[in-house]
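These notes are about the structure you will find just below.
The values are calculated or read from the model by the stated rules, or taken from the named source; none is laboratory data. What you see is a predicted model, and the numbers here were worked out from it, not measured in a lab. Here the Cβ is made from the backbone with ideal geometry for all residues, glycine too, and neighbour counts use every protein chain on show.
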Amino acid sequence: MRLLVFAVLSAALMVVDARLSVLQPLRSQLGLIVEPVYWLGRLPVTLWDGATQELSSRSELAAENEKLKAESLMLQRRLQKLAALTEQNVRLRELLNSSALVDDDVLATELIGIDPNPFTHRILIDKGSKDGVLLGQPVLDARGLMGQVVEVMPYTSRVLLLTDTTHSIPVQVNRNGLRAIASGTGNPERLELRHVADTADVKEGDLLLSSGLGQRFPAGYPVAVVTEVIHDSGQPFAIVRAMPTANLNRSRYMLLVFTDPRSPEQRASDSAEAQEAADRQAREQAAGASPATLAAPAAASDAPVTSPTTAAEPRQ
């Protein structure tokens, strides 16, 4: 009887947690209790790595190695935007009315856990609200976007991967700018483009980039590469499958992206105001310097040429 009562109670809690958000604060607080469990689970690996590093090299070498890994990851992240900037640099400058693109701030993080549920694609990272992590924050690795933060706890966070069946992201084809929606399929190596017209210009090998239209993911980051396009004359939409560029089931080190919260219109307006203020300041400086610079040549040209003796005499 007790087993039956606990089973019914567990089922009721799972239904309430799946359909309502009343238990979200409780789960966030329970993260503090579960944190020692994760710490104890990582303790053997941590002790083994520490002993190996102590025997093989000095602690300075280990710190330098971690620093170089983080720098390499950030440099690879910057290289991801080169393809998009090459194709769209002029167009983005015109749309944003800006002379340069603002780079995003990032925070390095590490994978510490994987959701054991085979029907959900979620991972656990070692950064939480104490580190400034925000709900919905984008996560990427050295190759492309991985997903977004869906639950934030004090010292850890859960990330929903792109391939989860409940996840979708607006993308665009880098070759021609065609916009579409990439949805997860439950397969860690496959995404599908929803409602793509059968006559749309999509080819195998096309690179899909985040379009930024959802105001959640930054624009210009690689998402997937088209691997298969199936056209059916009897169907209005084509079947388009793509493979994520990120190593969703292999990456251990990732980056949390802190995007600019302003909208494109706000960024364009702020850029225009800053340019106008700079032009106004330049005109004021030029206006303040022009009387002095003009007075000297005028005085030099109007002064009479006199000899040393007459120059010393007072004027009448």
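Taking the condition of a type in the set (Gly, Ala, Ser), in contact with a Lys or Arg (Cβ under 6 Å, 6 or more places away or on another chain), within 28 Å of residue 231 (Cα to Cα) and crowded, with 17+ Cβ neighbours inside 10 Å, does residue 183 pass?
When the stated conditions are applied, residue 183 passes them.
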Task: Top-ranked residue in segment 188-207 [being among the β-branched types (Val, Ile, Thr) and in a loop (DSSP other than H, G, I, E, B); ranked as surrounded by the fewest Cβ atoms within 10 Å (Cβ to Cβ)] - done: 199
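Quick check on this structure: which one of 210, 168, 157 is within 18 Å of the chain's Cα centre (by Cα), surrounded by fewer than 17 Cβ atoms within 10 Å (Cβ to Cβ) and among the polar types (S, T, N, Q)?
That would be 168, the only listed residue that is within 18 Å of the chain's Cα centre (by Cα), surrounded by fewer than 17 Cβ atoms within 10 Å (Cβ to Cβ) and among the polar types (S, T, N, Q).
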- [ ] Could you tell me whether residue 142 is under 19 Å from the mean Cα position of the chain (by Cα) and more than 30 Å from residue 25 (Cβ to Cβ)?
- [x] yes
Open item on the list: So, in segment 203-226, exactly how many residues are out of contact with any Lys or Arg (no Cβ under 9 Å at 6 or more places or on another chain) and among the β-branched types (Val, Ile, Thr)?
Closed with: 2
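Scan 114, 125 and give me the residue that is at pLDDT 90 or above and farther than 12 Å from residue 255 by Cα.
114
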TODO: Could you look through segment 160-193, keep only residues that are touching a residue at least 40 places away in the same chain (Cβ under 8 Å) and charged (D, E, K, R), and pick out the one that is farthest from residue 247 (Cα to Cα)?
DONE: 175
